[in-house]
Amino acid sequence: MSLAIRSRSRAVVVLLALGGAAFAVSAPVWLRTTVATALEPEVVVEVAGTTAAPAVSAAAFVVLAGALASTLAGRVARWVALAAVGLAGVTVVVGAAAVLRDVRAPAVSAAADAAGVTTLTSPVEVTPWPWSALVVGGAVVVAAALAALGTSSWSGGGSRHERPPAGRGVAAGPVDGDPDAQADWDALSRGTDPSADR
């Protein structure tokens with residue numbers, strides 16, 4: 001059975017949920033440590049995900065924007081939007097992985113901003129949130145790929161902004177003798193009575 005997401009609305013809901021999740025996991029504290037200052041022997045320093053990996057929250061915005069764009073786009077633009085969403089998912093994964101690979105660097109930077117010192121007095125504690133970001137980013141990549149595979153069966157959307165094929169759509173003239181306001185106005189502009197032949 002194909003895993004492709006063949007419903008436009010389902011794809012959009014999934015991507016919007018994942019974009020919101022990426023925002024949610026970037027907001028809490030990712031890292032926690034302590035430093036000592038001249039006034040206090042122990043100052044707790046907490047580093048939020050938006051500080052440790054600002055690219056994660058930016059990528060979350062791209063996921064949301066791409067999900068909304070795919071509801072209005074034509075076939076080619078839809079592929080571009082989903083590709084951007086997939087790349088944003090990769091960015092979330094890379095951002096979280098970079099923090100997990102070197103937790104000390106963002107902790108030292110945050111300590112310098114918060115307390116003016118760069119010497120940590122305790123090991124850096126990693127909360128579950130960067131690991132959650134890894135999962136969410138991977139899920140975004142998978143969802144974007146499955147949505148792209150199912151786009152051929154999506155209906156509606158951008159087609160309403162395209163010219164209908166020849167022989168389809170709204171009739172070019174009046175039907176069953178109904179008055180055509182534009183034709184009547186043109187006749188009046190030429191100085192003829194449009195009702196004369198009715």
Counting only protein chains, not ligands or nucleic acids, how are TRP30, TRP129, TRP154 ordered by accessible area (probe 1.4 Å), most first? TRP129, TRP154, TRP30
Search the structure for amide H atoms under 5 Å from the amide H of THR34, placed 1.01 Å from N in the peptide plane, and list their residues when 5 or more places away or on another chain. VAL45, THR121, SER122
So for region 39-109, averaging the separation of alpha carbon pairs under 8 Å that are six or more residues apart and normalising by length, what relative contact order in percent results? 41
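The values are calculated or read from the model by the stated rules, or taken from the named source; none is laboratory data. It should be emphasised that the depicted structure is a prediction, and the values quoted were computed from it without experimental measurement. Areas reflect the complete protein model, heavy atoms only, side chains present, ligands, DNA and RNA absent. Shrake-Rupley method; radii C 1.70, N 1.55, O 1.52, S 1.80 Å.
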